[in-house]
Amino acid sequence: MTTVEFRTPDALAEAERWTAHNYHPLPVVVAEAEGAWVTDVDGRRYLDMLAGYSALNFGHRHPDLVAAAHAQLDRLTLTSRAFVHDQFATFCRSLAELCGKDLVLPMNTGAEAVETAIKVARKWGYQVKGVPDGQAEIIVADGNFHGRTTTIVSFSTDPEARADFGPYTPGFVVVPYGDAEALAAAITPNTVAVLVEPIQGEGGVLIPAAGYFTRVREVCTEQNVLLIADEIQSGLGRTGKTFAIEHEGVVPDMYVLGKALGGGIVPVSAVAANRDVLGVLKPGEHGSTFGGNALACAVGSAVLDLLGTGEFQDRSARLGAHLQAGLEGLIGKGLVAVRCRGLWAGVDIDPALMTGRQACERLAERGVLAKDTHGSTIRLAPPLVVTEADLDHAVAQLAAVLAS
């Protein structure tokens, strides 16, 4: 089939014609990208301040990651898990070492990794903790976003994600995010795990008060409950550390990873835990044809090599402070609040001025790409290869939008 080249209006209309309307994208059609910048089909450049919801932490087409993908494409892409390929052990060992865990289980998408964590926690509860069959409970936080599978939306508190997709999967207890004592009070003998995001990205980059995760870790240890950290968006350098939960010095029982693990090239996700947890799975009980495929492992190993230098964690911390200072200078000038952790910011616009969607549309007109969430909040999560000059440009464009 011959590829037809469209200019922006025609490309948007064609996409609208042929795809289900499960997204409401900004009117931008990207054709090329490099680093922190993308170019549309009409040759206009934009600063990418979203980075694929953190899937592009290392920027578009990072040369090391592209080289790893090219090299692997010339050798082997997929065997299925019926066989072992020569990239598998290297990736799994490197990821386990990064997490400080015994074992990893590779999957593809973030939602698959969350589903994996849920299944492992339940099986651990029955086989290790001794919870009666079919009675396992997992505590989650309100405002959560862990994906959109049927089970995951069953414990979502976002009507847009949840409505009209029932009947819902039981076994989940929702407590207020950031309230450790409410979480502690919700634990019963049937509680097998606490599943929580160290920072709620979809919620607007919501950061719990200092001490929250320290207390949650204490409670989980005391009550023999697994602490599962969903680091799909917050992990792998985004917040100035390898994992966001590290800001409190807390180590979870299980990490849930995705997005940046695939370097923006292929979908790669995984869970990591010690043998006494992840070892409950036996052959045939869980799997994925593409999970841990050779191409994914080659790219994932290259990602882990980049993280191993510490360069990207340092850049995120340093440039994040620069971004935060610029954004906080706009409080009272159209912004009402800013939450920032590394190169990740939630920005609350005065709702009397405009919605988050309107702000993002006006930013796009000025060559900056961002994403709105929940009314008048926008999220900024640039690739970690962004420069100070790029960040200054983004802040200046936001200031112009607020003043317009």
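Could you please let me know if Val251 is modelled with pLDDT of 95 or more, buried (at least 19 other Cβ atoms within 10 Å of the Cβ) and β-branched (Val, Ile, Thr)?
So Val251 does not fit the description; no.
Name the residues in the range 315-349 that are crowded, with 20+ Cβ neighbours inside 10 Å and polar (S, T, N, Q), would you?
Residue satisfying the conditions is Ser316 alone.
Scan the range 92-110 for residues that are assigned to a helix (DSSP H, G or I) and in contact (Cβ under 8 Å) with a residue 60 or more places away in the chain and jot them down.
Within the range 92-110, Cys92, Ser94, Leu95, Ala96, Leu98, Cys99, Gly110 qualify.
Tell me yes or no: at least one residue of the range 278-288 is in the same structural domain as Ser234 (by TED's automatic domain parsing), modelled with pLDDT of 95 or more and within 21 Å of the chain's Cα centre (by Cα).
yes
Please indicate, with yes or no, whether at least one residue in the range 378-387 is under 27 Å from Gly263 (Cβ atoms) and surrounded by fewer than 16 Cβ atoms within 10 Å (Cβ to Cβ).
yes
For the range 142-153, how many residues are crowded, with 17+ Cβ neighbours inside 10 Å and without any contact (Cβ under 8 Å) to a residue 24 or more places away in the chain?
1
Residue-wise test of (1) part of a loop (DSSP other than H, G, I, E, B); (2) out of contact with any Ser or Thr (no Cβ under 9 Å at 6 or more places or on another chain); (3) assigned by TED's automatic domain parsing to the domain that holds Ile199; (4) within 30 Å of Glu246 (Cα to Cα).
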site: Leu323; (1), (2), (3), (4): no, yes, no, yes
site: Gly326; (1), (2), (3), (4): no, yes, no, yes
site: Gly342; (1), (2), (3), (4): yes, no, no, yes
site: Ala359; (1), (2), (3), (4): no, no, no, no
site: Val385; (1), (2), (3), (4): yes, yes, no, yes
site: Ala394; (1), (2), (3), (4): no, yes, no, yes
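Restricting to the range 358-404, give me the number of residues that are without any contact (Cβ under 8 Å) to a residue 60 or more places away in the chain and closer than 28 Å to Gly310 by Cβ.
Residues in the range 358-404 being without any contact (Cβ under 8 Å) to a residue 60 or more places away in the chain and closer than 28 Å to Gly310 by Cβ: 1 in total.
Within the range 125-151, how many residues are over 17 Å from Leu227 (Cα atoms) and either touching a helix residue (DSSP H, G or I) at 6+ places or on another chain (Cβ under 8 Å) or in a loop (DSSP other than H, G, I, E, B) (or both)?
10
With respect to Gly375, determine if the residue is part of a loop (DSSP other than H, G, I, E, B) and loosely packed, with under 15 Cβ neighbours inside 10 Å.
yes
Which one is farthest from the chain's Cα centre (by Cα) among residues in the range 243-272 that are in a loop (DSSP other than H, G, I, E, B) and within 13 Å of Leu105 (Cβ to Cβ)?
Among them, the one singled out is Val268.
The values are calculated or read from the model by the stated rules, or taken from the named source; none is laboratory data. Predicted model only: the values in this text are computed from it and were never measured. Neighbour counts are summed over all protein chains in view; Cβ atoms, including those assigned to glycine, are modelled from backbone coordinates with ideal geometry.
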